[in-house]
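Quick one: the structure is below, and I'll ask about it shortly.
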Amino acid sequence: MSDSARAEHATVFEPGSYATRQSVAPFPEFQHQSAKHPVTPVVQVYPADAVTRRAAGGSGMAVEIVEDNRRGRIDYHYCSALHMLAIHERGVRHNGCTVVEGLPKSTLQDCSRKLVFVPAGHRYHDWHEPRTLSRVVFFYFDPTRLAISPLGYARLSLLPRIFFEDNAIMQTALKLATLIEDGDSGHRQYLEALGIVLAYELLRTNTEADRAEANPSGGLAAWQRRKAVAYIEEHLAEPISLEALARLVGLSACYFCRAFRQSIGMPPQRYHLSQRIERAKTLLAKRAASVTEVGLTVGYNDTSAFCTAFRRVTGLTPSAYRRHFS
């Protein structure tokens, strides 16, 4: 992480910034009473009345649906002895930033159907100005009470992850959210069973990421991933050669391409393209520049090439995407 990134990270997580935020009472199942370290295991939101919240608890787990109910800046903070998984069911932000301790920040615009995992003890901060009112399902897992043999949550050091995709986790999470909305107490056993399935799925994806982190033959090391991603984000509008990225992290081009794909989920060139398009989405939504100017800003000298690339990724032309936000 660069010096500037560290400074920004420290500012985002400045303890004094929590002083004005309203506390939220913990779920009864998760009251780890400790004189020195009381736990408030739910995401804190400021302003508190900017969202509506519905929750249910089970054995070693709690679920909460949080929905924005107004525009303007909304801040989410979390740090606890519990693992937290956030399912962004829907949400497009006009502006915002998401930070999970140990990872580069993300300014992803369209967070719909994206997942964020915050291991116990890690700090999380998300702020956004919603363009469309968001709906997020938060899951809180007690690593000690889910420490049954196949899961082993208490023994594992799970990795933080930001804005990843996993259809199995998403489908199970949405079933749980539906049970909470139904409000039928007779579904409690089913809710707890789904919670265990979700924990298994989360462990599966995290173990795969952990394997890539621990084993260089399976993916990039953490510092290599951070350095490569930061370089791409800093040079979005420029051509970036595979050889240049590989040299940056001390690998051959062929090995780097394979390791990058294992770690990120797509080849470097496709990741570069996806980040260009995400940046273009942000600029198009702000409506301050023409489609041609947006294309130039993200590295396309030819408007036709920009429109083709944008449509290939999003299914819409830049003009149609902009009209969607009018």
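In the range 58-82, which residues are more than 21 Å from residue 122 (Cα to Cα) and charged (D, E, K, R)?
Within the range 58-82, 67, 68, 70, 71, 73 meet the criteria.
While we're here: Would it be correct to say that residue 204 is among the basic types (Lys, Arg), open to solvent by 60 Å² or more (accessible area, probe 1.4 Å), under 20 Å from the mean Cα position of the chain (by Cα) and at pLDDT below 75?
For residue 204, the condition - among the basic types (Lys, Arg), open to solvent by 60 Å² or more (accessible area, probe 1.4 Å), under 20 Å from the mean Cα position of the chain (by Cα) and at pLDDT below 75 - is met.
Part of a helix (DSSP H, G or I) and either exposed (fewer than 14 other Cβ atoms within 10 Å of the Cβ) or under 24 Å from the mean Cα position of the chain (by Cα) (or both): is that true of residue 288 in this structure?
No: the conditions fail for residue 288.
Do we find a residue being at pLDDT 90 or above and open to solvent by less than 10 Å² (accessible area, probe 1.4 Å) anywhere in the range 49-57?
Scanning the range 49-57 turns up at least one residue that is at pLDDT 90 or above and open to solvent by less than 10 Å² (accessible area, probe 1.4 Å).
In addition: Among what's in the range 260-273 and is modelled with pLDDT under 90 and in a helix (DSSP H, G or I), pick the residue that is nearest to the chain's Cα centre (by Cα).
Residue satisfying both the conditions and the ranking: 264.
Can you tell me which of (1) at negative phi; (2) open to solvent by less than 40 Å² (accessible area, probe 1.4 Å) is the one residue 239 doesn't meet?
Here residue 239 clears every test but (2).
Oh, and also: Yes or no: residue 229 assigned to a helix (DSSP H, G or I), hydrophobic (A, V, I, L, M, F, W, C) and surrounded by fewer than 18 Cβ atoms within 10 Å (Cβ to Cβ)?
No.
While we're on this one: Restricting the first residue to the range 265-277 and requiring it to be more than 16 Å from residue 311 (Cβ to Cβ) and without any contact (Cβ under 8 Å) to a residue 24 or more places away in the chain, which pairs with a second residue that is part of a helix (DSSP H, G or I) and open to solvent by less than 50 Å² (accessible area, probe 1.4 Å) meet a Cβ separation below 8 Å and a spacing of at least six or different chains?
Cβ pairs passing all conditions: 266/274; 267/257; 267/260.
Okay, next question. Name, by its number, the condition in (1) over 26 Å from residue 166 (Cβ atoms); (2) at pLDDT 90 or above; (3) not β-branched (Val, Ile, Thr) that does not hold for residue 13.
Exception for residue 13: condition (2).
The values are calculated or read from the model by the stated rules, or taken from the named source; none is laboratory data. Predicted, not measured: the structure shown is a model, and the values here were computed from it. Neighbour counts run over all protein chains shown; Cβ positions are idealised from the backbone, glycine included. Just so you know, the surface numbers come from the protein's heavy atoms only, side chains and all, with ligands and any DNA or RNA stripped out. Shrake-Rupley method; radii C 1.70, N 1.55, O 1.52, S 1.80 Å.
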